[in-house]
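Worksheet: one structure, shown below.
Throughout, read-outs are computed from the coordinates displayed, never taken from laboratory work. All figures in this text were calculated on a predicted structure; none of them were measured in a lab. Note that we place each Cβ from the backbone using ideal geometry, even for glycine, and neighbour counts take in every protein chain shown.
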Amino acid sequence: YTRKPQANKYLIYHVECTFIVLAKPLPDDDDNNTFDSSRMIGDVNFYLNNVYNPHEAELEVMIAEDGCSGKGVATEVLQLMMHYAVHDVGVTDLVVRIKENNAASIHIFEQKFGFTETERSKAFQEVTLRRTVTDELRAEMKLWVKHATRVDYVRA
């Protein structure tokens, strides 16, 4: 949370949620259930930064590790993040801003998640895509996380 003082009160005007994407278990892992916490391969974020719609989340994903792109990792982590944003935080509207030349990301959001283009900025060379959270999307999200195990982080 970012807080701004205002007449003895604090106004929260920006919320950011970041999840680190770790490498999947290695094939030679004995129990094949332990993520390699030393191998961060990317991150996925959402921001509640629309002062006119506090229930709108701007999503962002980055898979930076060589050899991990194009394997469905971004799709999987976005499914988990969107489920969290909608069910735990109360997000009702989703938005992404993607560089025009990033065809892979545009494809993920349009084809896999049903986002539609609402704006195109020549100045920033980016496309804005949006999706409203509907009952149909909520039901789809339940399928996305059906086999996921939620593990809350506990600091040792």
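Measuring how big region 52-130 is from its alpha-carbon positions, Rg and Dmax come out at 12.9, 40 Å.
The distance linking region 126-156 with region 72-114 is 9 Å (Cα centroid to Cα centroid, whole angstrom). Taking a ≥ b ≥ c as the square roots of the Cα gyration tensor eigenvalues, with a/c under 1.5 meaning rounded and otherwise prolate when a/b beats b/c, else oblate, which class fits region 86-152? It is prolate, given that a/c is not under 1.5 and a/b is the larger ratio.
A DSSP coil position with no more than 16 other Cβ atoms inside 10 Å describes the following trypsin sites (Lys or Arg not before Pro) in region 73-122: Lys122.
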